[in-house]
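To start, the structure itself, in structure tokens.
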Amino acid sequence: MTIHRMDHVGIVVEDLAAAVAFFVELGLEPEGEATVGGPWADDLLGLDGVRADIVVVRTPDGHTRVELSTFYSPATIGTAQKAPVNTPGTTRLTFVVDDVEDVLDRLRAQGAELVGTVARYEDIYRYCYVRGPDGILIGLVEELH
């Protein structure tokens, strides 16, 4: 076997506290936080003088983790574009939720913006995309049973 499991998804953000608040409002739970830097981080990232704070949040079932990080050095260069959903290389995370409208309302209070509309696919699910802090693209799926 080549792969055991997916460990986590990493997202670089400018405002770590806002990103953590967004994911906690979504329903993820803080797992840990740290400041990283030093030769091992420089080697890993191919950068010099790395100093960053990270917070890891996880889904309630403990199977999926998101690492949120903000870099103090080296200085970040530019920001990711708020590209349309169909742009090659666009990353989006999708979560199954109990009630799309409820989660959407709570995330809007955190500054999230709805992309398109809440769409219904037959009697199977309701689905939408929202943009959160730093343009993070999140899918919300409500299964209709």
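The values are calculated or read from the model by the stated rules, or taken from the named source; none is laboratory data. Worth saying up front: this structure is predicted, and the values here are computed from it rather than measured. Positions of Cβ are backbone-derived with ideal geometry, glycine not excepted, and every protein chain shown enters the neighbour counts. The accessibility values were calculated without ligands, DNA or RNA, using every heavy atom of the protein model including side chains. Shrake-Rupley method; radii C 1.70, N 1.55, O 1.52, S 1.80 Å.
A few notes on this one:
- So D53, is it at negative phi, open to solvent by 30 Å² or more (accessible area, probe 1.4 Å) and assigned to a strand (DSSP E or B): yes
- Counting residues in segment 96-113 that are closer than 27 Å to R5 by Cα and surrounded by 15 or more Cβ atoms within 10 Å (Cβ to Cβ) gives one or more.
- One residue stands out in segment 114-142 among those that are over 27 Å from L16 (Cβ atoms), touching a Phe, Trp or Tyr at 6+ places or on another chain (Cβ under 9 Å) and free of Cβ contacts under 8 Å to residues at least 40 places away in the same chain: the one that is most open to solvent (accessible area, probe 1.4 Å), namely R120.
- Filter result for F23 (under 19 Å from Y127 (Cα atoms), in contact with a strand residue (DSSP E or B) (Cβ under 7 Å, 6 or more places away or on another chain) and among the aromatic types (F, W, Y)): yes
- Inclusion of V56 among residues that are in contact with a Lys or Arg (Cβ under 6 Å, 6 or more places away or on another chain) and within 15 Å of E25 (Cα to Cα) is warranted.
- Taking every residue in segment 56-81 that is closer than 21 Å to L137 by Cβ and in a strand (DSSP E or B) and pairing it with any residue that is among the aliphatic types (A, V, I, L, M) and open to solvent by 90 Å² or more (accessible area, probe 1.4 Å), at least 6 positions away or on another chain, yields no pair with a Cβ-Cβ distance below 6 Å.
- The requirement of being of a type outside the set (V, I, T) and closer than 30 Å to D42 by Cβ is not satisfied by P84.
- For segment 91-99, the criterion of being over 29 Å from Y125 (Cβ atoms) and among the basic types (K, R) is met by no residue.
- T91 passes every criterion in (1) open to solvent by 90 Å² or more (accessible area, probe 1.4 Å); (2) modelled with pLDDT of 95 or more apart from (2).
- Counting only residues that are part of a strand (DSSP E or B) and surrounded by fewer than 15 Cβ atoms within 10 Å (Cβ to Cβ), segment 1-32 holds 6 of them.
- Tally, over segment 60-81, of residues that are under 24 Å from D42 (Cβ atoms) and surrounded by 10 or more Cβ atoms within 10 Å (Cβ to Cβ): 13
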